[in-house]
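Accompanying notes for the structure given below.
The values are calculated or read from the model by the stated rules, or taken from the named source; none is laboratory data. Bear in mind that the values here come from a model prediction, so they are computed numbers and not experimental data. Reconstructed Cβ throughout: ideal geometry from the backbone, glycine too, with neighbour counts over all protein chains shown.
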Amino acid sequence: MLACALVAGTAGCSADDADDVPPTRGDIAAMLVRHAAAVRAHDAPAFLADVAGDAFGRRQRSAFAGIAAVPLSRWSYALGPPVAAEAQRAVRARRGGGAVVVRVTLRYAVRGVDAVATSRDLWWTVVRRDGRAVVVADTDLADDGGRSWRGPWDFGALRVLRGAGVVVLAHPRDVTLARTVLADAARAVPVVTGVVGRGWARAVAVIVPASAAERAAALGAAASSGAEVGAVATSDGQDVLTGRPYGQRVVVVPDELRRLTPTATRLVLQHEITHLATATWTTDATPRWLVEGFADYVGYLGNERPVAAAAAELRALVRRSGVPRTLPTAADFDTAATNATAYQLSWLACRSVAQRHGRVALVRLYRAVAAAGTSGNSSDEAVAIALRQVLHETPARFTAAVRAAVAEQLA
């Protein structure tokens, strides 16, 4: 319906006049419904009918081709609260009086991977074209805190590979690497399940980004993690009702992964998938040495190396200055000089639990720390409670046992 004005007693309107009238929230909400329906129906003409502008249109055409290749169980848009008037004025000064900038929440789920849909924010500039609300830009507020999320499909042609419990999103130049990742991740999923049980998705989506910008978009605040080890596990959040994590992904670093041996590649992927599988067990009280040591313990299953080789840096430290007297702190993992030995000592600590008490006891210890942490205990208190409940040991006795195992293996 065209918006018309009564001027000098004469009623009149045209499509051009209507295009100067900002679309209403009702217009925009209706556009979001049909836009999402076009994605779900793989209807490119309908999808592209909701966008305008040469450069933006080209980007959206490419993005749609990528989205259409992804197996989706959900794709929807929700209109957010009105954007501040100051931001609206700035956009209208640039785009004309008929432009409206809106915050849109995209909710999507990858079929077979995401039990709970994840959500991401988009900031769209919407105008009328021939009386229809259409999107003309998604970057107008990028410099003012309104940066639209970019999915893998926004970074060029997308290749989607699927296997047993694994979906890999990559780009043409990385297809060979993506096939390796697919095979290794598919092998890792049942290994991880064999340790932690069936209470997780038992499926994983892996992103093989083509650039640092795509990696940053996939990881957000965690973008600095994993740059030197080949991959990092990430999650968008945790559902407040079910406690289930959502938006879980493994994001690889192609150049780093290519430098690794086949065994090391399998280890890295199995380690990161373990983080996804144990996300609901991990709390702020779970010490970093347990989080990383457990993931390395599972990562090495089927990818065994001699301890002296796998813990070469720790072995050198032991020979130089003796076995460390304490378990690693969080700072040890974040410091270049101590990062390698922190991981290795943590791995051997968890390995010693499994050797002395059995693998089931190691899993129970991890879960017991989380349970104690949710009761308001500090990390040290949670660990002490869990050690007493599961291993019947004090922290001092546990540390002594770990030090003895390290000395036996590396001294």
| query | Of the residues Arg173, Arg187, Arg179, which single one is more than 17 Å from the chain's Cα centre (by Cα) and within 11 Å of Pro254 (Cα to Cα)? | reply | Arg173
| What is the number of the single condition among (1) hydroxyl-bearing (Ser, Thr, Tyr); (2) farther than 15 Å from Val406 by Cβ; (3) part of a helix (DSSP H, G or I) that Ser346 does not meet? | (2)
| remark: All conditions in (1) within 29 Å of Ile273 (Cβ to Cβ); (2) surrounded by fewer than 22 Cβ atoms within 10 Å (Cβ to Cβ) are true of Gly145 except (1)
| field | Arg351 vs. criteria closer than 27 Å to Leu301 by Cβ, surrounded by 13 or more Cβ atoms within 10 Å (Cβ to Cβ), basic (Lys, Arg) and assigned by TED's automatic domain parsing to the domain that holds Trp289 | value | yes
| query | Within segment 298-321, can you find the residues that are touching a residue at least 60 places away in the same chain (Cβ under 8 Å) and either of a type outside the set (Lys, Arg) or closer than 18 Å to Asn339 by Cβ (or both)? | reply | Val298, Leu301, Gly302, Val307, Ala308, Ala311, Leu314, Arg315, Val318
| said: Quick test of your reading of the structure: Leu219 fulfils all but one of (1) crowded, with 24+ Cβ neighbours inside 10 Å; (2) modelled with pLDDT under 95. Name the failing condition by number. | reply: (1)
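Does segment 375-384 contain at least one residue that is surrounded by 17 or more Cβ atoms within 10 Å (Cβ to Cβ), in a helix (DSSP H, G or I) and either outside the structural domain of Glu408 (by TED's automatic domain parsing) or under 26 Å from the mean Cα position of the chain (by Cα) (or both)?
yes
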| Counting only residues that are in a helix (DSSP H, G or I) and either hydroxyl-bearing (Ser, Thr, Tyr) or in contact with a His (Cβ under 7 Å, 6 or more places away or on another chain) (or both), which one in segment 387-408 is surrounded by the fewest Cβ atoms within 10 Å (Cβ to Cβ)? | Thr399
| Can you tell which of Tyr343, Tyr300 is among the hydroxyl-bearing types (Ser, Thr, Tyr), buried (at least 23 other Cβ atoms within 10 Å of the Cβ), outside the structural domain of Gly199 (by TED's automatic domain parsing) and within 29 Å of the chain's Cα centre (by Cα)? | Tyr343
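Residues are listed down the side, and each one gets a yes or a no for (1) more than 27 Å from Val167 (Cβ to Cβ); (2) surrounded by 14 or more Cβ atoms within 10 Å (Cβ to Cβ); (3) modelled with pLDDT of 95 or more; (4) in contact with a strand residue (DSSP E or B) (Cβ under 8 Å, 6 or more places away or on another chain):
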| residue | (1), (2), (3), (4) |
| --- | --- |
| Val7 | yes, no, no, no |
| Gly12 | yes, no, no, yes |
| Ile28 | yes, yes, yes, yes |
| Arg61 | no, no, yes, no |
| field | Residue satisfying condition, being closer than 17 Å to Glu292 by Cα and at pLDDT 95 or above, within set Ala396, Ala354 | value | Ala354
| query | Could you list, in sequence order, the residues of segment 120-142 that are closer than 21 Å to Ala213 by Cβ and surrounded by fewer than 17 Cβ atoms within 10 Å (Cβ to Cβ)? | reply | Asp121, Thr139, Ala142
| Residue check for Ala87: of a type outside the set (D, E, K, R), buried (at least 16 other Cβ atoms within 10 Å of the Cβ), closer than 14 Å to Ala36 by Cα and assigned by TED's automatic domain parsing to the domain that holds Ala109 | no
| Of all residues in segment 123-143, how many are in contact (Cβ under 8 Å) with a residue 40 or more places away in the chain and either in contact with a Phe, Trp or Tyr (Cβ under 9 Å, 6 or more places away or on another chain) or not assigned by TED's automatic domain parsing to the domain that holds Glu86 (or both)? | 6
| message | Within segment 258-281, does at least one residue satisfy the condition of being assigned by TED's automatic domain parsing to the domain that holds Gly373, part of a helix (DSSP H, G or I) and exposed (fewer than 14 other Cβ atoms within 10 Å of the Cβ)? | response | no
